[in-house]
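Participant: Here you go, one structure.
Rule-based calculations on the coordinates, nothing more; no lab input. This one's a predicted model, so the numbers in the text were calculated from it and none came from an experiment. Cβ: placed from backbone, ideal geometry, glycine included. Neighbour counts: every protein chain shown.
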Amino acid sequence: MNKPLTRTVLPLVGLLVLTVLFTILTDGRLIQPFNIELLLSQTYMLMIASTGVFLIMTMGCLDFSQGSMLAIASIVVCYLSKYNLFLAIIGGIATGAAIGAINGFFLVKRKIMSFIVTICTMFLFRGFCAYLTTNSPVYAVNNISTYHTMTVELTLTIVILLLVFLLFHFTKLGSNLKAIGAGETGSRFAGIKVGKTKWLIYIAAGAITGFAAFINVINVGSVTSTSGNMMETQILIALVLGGLPISGGAKVRFINLIVGVLTYKILSVGLVMIGLTTSMQQLIEGIVFLIVVALFSDRKSIQVIK
C-alpha cells in the first residue's frame, strides 16, 4: 500500500478498531444511546478548537496556547453572559482572535518560531486565568445551561466544520496553506503573502477557539484555574491520530481532523469506562501517540516546525 493511501486508510481503520475494541471491553456500554450522547457532548468543544489548529498545522506551525486561550475566552463569555448572550459569544470570539493576533505578531514580525511563541503565551494566559479565578470560579448567568443540548451544540459544530471545509477546499486558502507547509520560499515565489496569511490564520484559529469557549461555558457554567488544561496536547494528539503530518504541506486532508478527534475521544472515554487510572490512561495515550507518529512521519519531507 502506498504512503498517501496508508495515511488516509489507517486512521479510519484505527477508528473502527478502537470502536469495536471498546464496545467489546465495555460489554456494549460504549454504543448505548446515553453514552453516545455523552461522548458527543465531550467532543464538540475539542472538535471546534481543533479546527483552527488544523489550519495552523497545515502551514507547518504549532499552537500550544489553545488551552489557556480557551480559559481566558471562557471567562469573558461568563462575564458578558450576565448582560447579553450574543454579546458573550462575540466577546469570546474577539478575545480568542486577540490572543491569536498576539501569537501571529511574534511569529511573523519578530520571527520567533511558533512553538516558542505559543508556549510563552500559554504560560502567560494560564497565569492570568489563575489570577482571575484566585478567590472563586467565574460563573456564567444561571440559565446558560439551557443551551447545553445536543441540538444546539451539534448544529454549531457542524456549521463551523462546514465553513472551514468550504474555505479549505473551494477557495485559494487551502492550497495556499499547503504550499506554505511544503515550503515558504517557494510559496513567496508563487505570489503567496506568507506573513499575512500566517497572521490571519492565527487570528482566525483564535476566533474559532473563542467560539469553542461558548460551548465550554454552556457545558460547565463556570471557569476555574484548570479550565482548558492540557487541551493543546489533546488537540495535537487528536490531529496526529487522524493522520495529519506534523510538518503540514500537501498531504494534509480535512478528514484528518474529523477522524482524529473522534478517535481520540473514543480512546479517552473508552479507557475511562474500563476503569483505568488517570496515569495509566495517559501512559496508553502516549504509547498510541508515539506509534502513530512513527507510522506517519515522513522523513524525506520532515522539517523544522516554523
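Participant: Assign unit charges at the C-beta atoms only (+1 for Lys and Arg, -1 for Asp and Glu), then state the dipole size of the chain relative to its Cα centre in Debye, rounded to the nearest 20. Present the calculation step by step, with values, prior to reporting the outcome.
Facilitator: Numbers: 20 positive and 8 negative charges, 250 e Å.
Here the size comes out at about 1200 debye.
Participant: Order these peptides, 85-98, 237-250, 152-165, by their mean beta-carbon neighbour count within 10 angstrom, highest first.
Facilitator: Top to bottom by mean Cβ count within 10 Å: 237-250, 85-98, 152-165.
Participant: Note the count of lysine pairs whose C-alpha atoms are less than 19 angstrom apart in region 3-296, limited to pairs 8 or more residues apart or on different chains.
Facilitator: Pairs that pass both the separation and distance tests number 17.
Participant: What's the Kirkwood radius of region 7-54 in Å, using all Cα pairs?
Facilitator: After inverting the pairwise mean of 1/r, the radius is 12.2 Å.
Participant: Would you calculate the separation in nanometres between label points at Ser41 and Thr277, each defined as 7 Å from the Cα along the Cα-to-beta-carbon direction?
Facilitator: Here the modelled spin labels are 2.9 nm apart.
Participant: List residues of region 161-175, by number, whose backbone nitrogen lies under 17 Å from a label position 7 Å along Cα→C-beta of Asn219.
Facilitator: 161
Participant: Give the span of region 1-91's Cα atoms along each principal axis, as three whole-Å numbers ordered largest to smallest.
Facilitator: Largest to smallest, the principal-axis extents are 53, 38, 19 Å.
Participant: For the charge dipole of region 3-296, defined by +1 on Lys and Arg C-beta atoms and -1 on Asp and Glu C-beta atoms about the Cα centroid, which residue among Gly181, Ala71, Val13 has the Cα displaced farthest towards the positive pole?
Facilitator: Farthest along the dipole direction, towards plus: Gly181.
Participant: Oh, and also: Return the whole-Å distance between the Cα centroid of region 22-98 and the Cα centroid of region 120-145.
Facilitator: Using only Cα atoms, the two centres lie 16 Å from each other.
Participant: Follow-up. Report P(r) for the chain: all Cα-Cα distances, bin width 10 Å, range 0 to the bin holding the largest distance, values in whole percent.
Facilitator: Values per bin, smallest distances first: 6, 27, 35, 24, 7, 1.
Participant: Let me ask something additional. Would you look at the GNM of the chain, springs on alpha carbons closer than 10 Å, and say which of Arg253, Arg110, Arg29 moves the most?
Facilitator: Arg110
Participant: Neighbouring Cβ atoms within 10 Å as the yardstick, rank Ser136, Ser41, Ser114 fewest first.
Facilitator: Fewest to most other Cβ atoms nearby, the residues stand as Ser136, Ser41, Ser114.
Participant: Right, next: Once you've got the GNM for the chain with C-alpha springs shorter than 10 Å, pick whichever of Thr171, Thr121, Thr51 has the biggest mean-square fluctuation.
Facilitator: Looking only at Thr171, Thr121, Thr51, the biggest GNM fluctuation is shown by Thr171.
Participant: For region 157-306, build the convex hull from the C-alpha positions and give me its volume per residue in Å³.
Facilitator: 138 Å³
Participant: Picking from Met113, Ile90, Leu30, whose Cα lies most toward the positive end of the charge dipole for the chain (charges on Cβ: Lys, Arg +1; Asp, Glu -1)?
Facilitator: Going by the charge dipole, the pick is Met113.
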